[in-house]
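Right, one structure below, let's go through it.
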Amino acid sequence: MEKCLKTRKKKAETAKQKLFSLSYMDFSRKTVSSGDFIYFPIKDFDKSKISKLGTISSKKLPKKIRKPRTISEILSKKLSKTELTELKTSFDIFGDIILVEIPENLIKKEKLIGNSFLKLYPNIRAVFKKTGKVSGIERVRPAKRIAGTGTSEVNYKESGCIFKFDISKVFFTPRLSTEREKIFAKVKPGEIVLDMFAGVGPFSVIIAKKQPLVEKVYAIDINNTAISYLRENARINKVSDKVEAFVGDSKTTISKKFKGIADRVIMNLPKTSLNFLPTALNALKPKGGVLHYYTFKATKQEVKAEVSARLKSKKHRILSIRNVKPYAPREYCFCADIKIYK
Ligand SMILES: C[S@@+](CC[C@H](N)C(=O)[O-])C[C@H]1O[C@@H](n2cnc3c(N)ncnc32)[C@H](O)[C@@H]1O
């Protein structure tokens, strides 16, 4: 039997507030309703301070079962201490899929880990593990399902847009969502934007959706599957009239079709974007424009040095350099916004 405050239902709200303010509520037990009365579990109380709210009595009150809130908590009794320290607790959610990293030593427990994620997140359909690094020219990461059902194709929402894509066939990271917000906020009415490494179109589609007065967004990617998804995403988000997509290498596509046409160029290929700077400059209008140049570096100073060295013969001004996200130990993805003059 537990100590409780028995109070009439019409007085229950006042009693609850008072018990909270005095810190008398016993949160390990459930509040019970029976007939005209509510029984609040209480502990460490001074009877005189609450006697006006009802009567102090004893009643069997069920224990509150606290649901685990993290993957470490849910696995705390199923993995050893060493295994728990090795468990990777950060993960990405893409729509109804979770993508996790399973360390070598926990591969035998991957089903258990996957199923635990499903228990923790009831809206998740499947859990995939990374089976390699983001690699190759198309920057794709292979993945394998370890729990749940269905394929690795998802519908992911960002900035009021829906993106359909297969996480194992194209590049996509939700970790750039804040960066994409920053970019679309800079786009002005009437601009022509060129997205040189567009993937499934998160920059292109969001810009077209959020800045409907943009003149045109041209999107290029070398990955055929990414461009198929990009076109579908433009349709889903009703911006097909603004977004035009092309499969191919940016260098060749720009030199053939897009010389001197853009007000703004997005260069989201941090690993090798430096090699594409001359191409991006060629894509800008003769009066100049803005480049969003992504690169992996340790510090902002290194970004500045790289940009200034490469653009020394071109009149330019670095508007800002942002640390976008961590990439590797002591290495970050930076974005330099660069104004290019005539
Ligand atoms: C880091 S991902 C960025 C994708 C997209 N901007 C996003 O935020 O999801 C780089 C993309 O560039 C594409 N890519 C790599 N080299 C390319 C090239 N030479 N020309 C065009 N696209 C290229 C890859 O296929 C990949 O989709």
Fill in the blank from the handout: Of the residues in the range 259-268 that are part of a loop (DSSP other than H, G, I, E, B) and more than 12 Å from the ligand (Cβ to nearest atom), the one that is farthest from I192 (Cα to Cα) is K259
Fill in the blank from the handout: Considering the range 269-289, residues that are in contact with a helix residue (DSSP H, G or I) (Cβ under 7 Å, 6 or more places away or on another chain) and under 14 Å from K259 (Cα atoms), and then whichever is nearest to the ligand (Cβ to nearest atom), we arrive at F276
Fill in the blank from the handout: Among the residues of the range 226-284, the number that are under 22 Å from V187 (Cα atoms) and acidic (D, E) is 3
Handout entry: Residues that are farther than 19 Å from N155 by Cα, touching a helix residue (DSSP H, G or I) at 6+ places or on another chain (Cβ under 7 Å) and without any contact (Cβ under 8 Å) to a residue 40 or more places away in the chain, drawn from the range 233-254
Key = K242, F246, V247, K251
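Yes or no, residue by residue, for (1) farther than 28 Å from T272 by Cα; (2) among the hydrophobic types (A, V, I, L, M, F, W, C); (3) away from the ligand (no atom under 16 Å from the Cβ):
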| position | (1), (2), (3) |
| --- | --- |
| E83 | yes, no, yes |
| F94 | no, yes, no |
| N105 | yes, no, yes |
| P122 | yes, no, yes |
| S135 | no, no, no |
| R139 | no, no, no |
| F171 | no, yes, no |
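Considering each residue of the range 300-342, count those that are among the basic types (K, R) and touching a residue at least 40 places away in the same chain (Cβ under 8 Å), and give that number.
4
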Exercise for the section: Could you check K59 against (1) over 30 Å from E153 (Cα atoms); (2) modelled with pLDDT of 95 or more and say which number it fails? Expected result: (2)
Exercise for the section: Could you pull out the residue among D195, D249 that is among the acidic types (D, E), within 11 Å of the ligand (Cβ to nearest atom) and touching a Gly at 6+ places or on another chain (Cβ under 8 Å)? Expected result: D195
Practice task
Please work out if L230 is of a type in the set (A, V, I, L, M, F, W, C), touching a residue at least 12 places away in the same chain (Cβ under 8 Å) and more than 12 Å from the ligand (Cβ to nearest atom).
Solution key: no
Practice task
Could you please give the count of residues in the range 98-147 that are more than 30 Å from A198 (Cβ to Cβ) and of a type in the set (G, A, S)?
Solution key: 3
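The values are calculated or read from the model by the stated rules, or taken from the named source; none is laboratory data. Nothing here was measured: the structure is a model prediction, and the numbers come from that model. Here Cβ is always computed from backbone atoms with ideal geometry, including for glycine, and neighbour counts include all displayed protein chains.
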